[in-house]
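Visitor: Below are the structure tokens for one structure; questions will follow.
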Amino acid sequence: MSSLSTQMAAVTRRDLERERRTGEVLWITIPFGAIALILVPMAVGADVPLLRQIGPGLYWVVVMLFGVLIAVRRTSMETPAQRDLLALLGIDPAAVFGGRAMASGLMLLVFELIVGAVAVLFYDIDLSGWPWLLLVLPLAAAGLAALGTIAGSIATNATVGPALIPLIVAPLAVPLLLAASEIVEGLRTDTGILRWLLLMVIVDLVLCIAGVVTARPLQETQ
Amino acid sequence: MTDASSDAKTLRWLDLAAAGALLVALGFALFSPPDVIQGDLTRMMYIHVPTILVAYGAFAVTTVATIGYLITKSLKWDTIAASSAEVGVVFLGLAIATGMIWGKPVWGVWWTWDARLTTTAIMFFIYLGYLGLRRSIPDPVARAQRSAILGIVAVVQIPIVHFSVQWWNALHQAPTILRPGDPQIDSPLLGALLVGLFAFAIVYVWLLVRRVQLANLDAELEARDAAPDVPMAGEAVSAPDLSDGGAVS
């Protein structure tokens, strides 16, 4: 029996390989998120100071809402036979959770970077203190990935399946959204961001622990 | 006296107690002195505050029942958790609505992006998601297990809602009763508020008991549909025995 980390890496590789073949995130979700950012100025007016002010917040809203699509894409793609195969192979449910969350996190990070570049270009966002973003972006991606993976497992085989997941994920992602937005604002105004960073770390840890602990009971109900 | 008739009698008393308590609370709310600053507007407090506190209590019951389910695996705990969440959502919706009606004349707007209001609205959606999840999983055991997991995660929001006003220093007034030190409210108003709280708590218990009763009837009906014990039409017709080549004697 391979170790937990090997199993996790195998699941991550499988998910990334599937993304490489289908290109769902790269060719569908990322352009969709970018279009959302481009549509907003058409609705609120092309006032550059206003867009500069609301840009960072809008960026995080787009990341949270469209990121859900990335984090839960597996639920609509994976068949019961695939889930059974993973179980029969003796893959630890915690490794399955970790692997899926890791793959989603990596895809979310790519999403954040590309959509972030679009936001900077179209909204003229102030990038003061940008090195902190190297920490904030992965933390946001990790939290959202963990949350989406848990929600995906909870809603597996549900009659309304993928339609229900955003309703579960979006409200629970609020601490991440608040922390990420406040950090960007804090960097711009040079106010303290440490408590928000700490909040992100705590939320990520809680979600990861919840994901690992609930992986087996959730697998048993599938 | 049989158990069923005793239960029915208890429920009738509960119906009466809920109606009576509401009437008494209404009397206190209408005849208590007006507030020095807000005048009669403050009477909205006698609905708004009890409903939000009862909603918090309902979600606490959901959590306890969820833990009970996870420990015992008995579906009766799951029924209580789900019923309490449903009643809690009703009370939370009522609290949000009355808060908006109260907020318009006091703050000048129906809604303000205050931390506690916003987080309360988010909590409302979290529990709507919880109820939506329950409706979309037909298997009772899977439904109980998965909603238990979501219920535990969701309840983390409740302390965040209540204390967020202190964390984020926002527009919504700080807690008046549940605050460190003495409550900042005059005795007659506090009395009317406590009567209201008591009345809504009884209404909550009444709704919870009735909802559990309904859920049990639902489960019985589902079980009866799943395993019918009445003969099906055409059940008496069997395939002819052709082992002897179908020869007619």
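Visitor: Run the simple label-point estimate for B:Trp13 and B:Ala239 please: 7 Å along Cα→C-beta, distance reported in nm.
Guide: 6.1 nm
Visitor: Apply 1/(1 + (r/R0)^6) to the Cβ-Cβ distance of A:Ile35 and B:Phe198, taking R0 = 56 Å, and write down the FRET efficiency to the nearest 0.05.
Guide: Numbers: r = 54 Å, r/R0 = 0.96.
So, using R0 = 56 Å, E works out to roughly 0.55.
Visitor: Could you derive backbone 3J(HN,Hα) for segment B:70-84 from the dihedral phi with the Karplus parameters 6.51, -1.76 and 1.60 (θ = phi - 60°), listing whole Hz in sequence and x where the residue is Gly or Pro?
Guide: 4, 7, 9, 6, 8, 5, 5, 5, 5, 4, 5, 4, 5, 5, 5
Visitor: How long is segment A:4-220 along each principal axis, judged by its Cα atoms, biggest number first, in Å?
Guide: Over segment A:4-220, Cα extents along the principal axes are 57, 34, 28 Å.
Visitor: Under the 0.36 nm per residue contour assumption, what length would be gained going from the current alpha-carbon distance of B:Leu214 and B:Val36 to full extension?
Guide: 59.5 nm
Visitor: From the Cα trace of the protein assembly as shown, what convex hull volume per residue do you get, rounded to a whole Å³?
Guide: 244 Å³
Visitor: Between B:Leu75 and B:Val141, 0.36 nm times their residue separation minus their Cα-Cα distance comes to what?
Guide: 23.0 nm
Visitor: Based on DSSP H assignment, which helices of chain A show an axial Cα extent of at least 15 Å together with a mean Kyte-Doolittle hydropathy greater than or equal to -1.0?
Guide: Details: long enough: A:4-22 (27 Å, -1.16); A:30-44 (22 Å, 2.40); A:48-71 (33 Å, 1.70); A:93-123 (42 Å, 1.75); A:133-154 (31 Å, 2.10); A:161-172 (18 Å, 1.92); A:174-189 (22 Å, 1.04); A:194-220 (40 Å, 1.54).
Those that pass (Cα extent of 15 Å or more, hydropathy at least -1.0) are A:30-44, A:48-71, A:93-123, A:133-154, A:161-172, A:174-189, A:194-220.
Visitor: For segment A:21-71, what number results from the quotient of the Cα radius of gyration and 2.2 N^0.38 Å?
Guide: 1.27
Visitor: Can I ask one more? Would you mind ranking B:Trp107, B:Trp206, B:Trp13 by Cβ crowding within 10 Å, fewest neighbours first?
Guide: B:Trp13, B:Trp107, B:Trp206
Visitor: To continue, here is another question. Taking the number of other C-beta atoms within 10 Å as the exposure measure, put A:Ile54, B:Ile96, A:Ile150 in order starting with the fewest.
Guide: A:Ile54, B:Ile96, A:Ile150
Visitor: Suppose R0 equals 51 Å. What FRET efficiency, 1/(1 + (r/R0)^6) with r the Cβ-Cβ distance, do A:Val160 and A:Asp190 give to the nearest 0.05?
Guide: With a Förster radius of 51 Å, E is 0.65.
Visitor: May I pose another question? How do A:Thr149, B:Thr119, B:Thr10 rank when sorted from fewest to most other Cβ atoms within 10 Å of their own Cβ?
Guide: Fewest-to-most ranking of A:Thr149, B:Thr119, B:Thr10: B:Thr10, B:Thr119, A:Thr149.
Visitor: Rounded to whole Å, give me the distance from the Cα center of segment A:62-130 to that of segment B:8-27.
Guide: Value for the Cα centre distance between the two parts: 52 Å.
Visitor: Computed FRET efficiency, Cβ-Cβ of A:Ile209 and A:Ala81, R0 30 Å: what is it to the nearest 0.05?
Guide: 0.50
Visitor: Let me ask something else about it. Taking the Cα of A:Asp126, stepping 7 Å toward and past its beta carbon, and measuring to each backbone N in segment A:36-68: which are under 20 Å?
Guide: Once the point is set 7 Å along Cα→Cβ of A:Asp126, A:47-61 turn out to lie under 20 Å by backbone N, inside segment A:36-68.
Visitor: Moving to a separate point now. What do you get for Rg/Rh over segment B:46-147 if you use C-alpha atoms and the Kirkwood form of Rh?
Guide: A ratio of 1.07.
Visitor: A follow-up question, please. Using the alpha carbon gyration tensor of segment A:182-222, what are the three equivalent-ellipsoid semi-axes (square root of 5 times each eigenvalue), largest first, in whole Å?
Guide: Working: eigenvalues 243, 14, 3 Å².
Value: 35, 8, 4 Å, ordered largest first.
Visitor: Once phi is turned into θ = phi - 60°, what whole-Hz ³J(HN,Hα) does the Karplus curve with 6.51, -1.76 and 1.60 give for every residue of segment B:19-29, x standing for Gly and Pro?
Guide: 5, x, 4, 5, 5, 4, 4, 4, x, 4, 5
Visitor: Counting pairs of alpha carbon atoms under 8 Å apart in space and at least six apart in sequence, what relative contact order in percent does chain A give?
Guide: Normalised by residue count, the contact order of chain A is 28 percent.
Rule-based calculations on the coordinates, nothing more; no lab input. Keep in mind it's a predicted model, so treat the numbers as computed, not measured. As a convention, Cβ positions derive from the backbone with ideal geometry for all residues, glycine included, and neighbour counts pool all protein chains shown.
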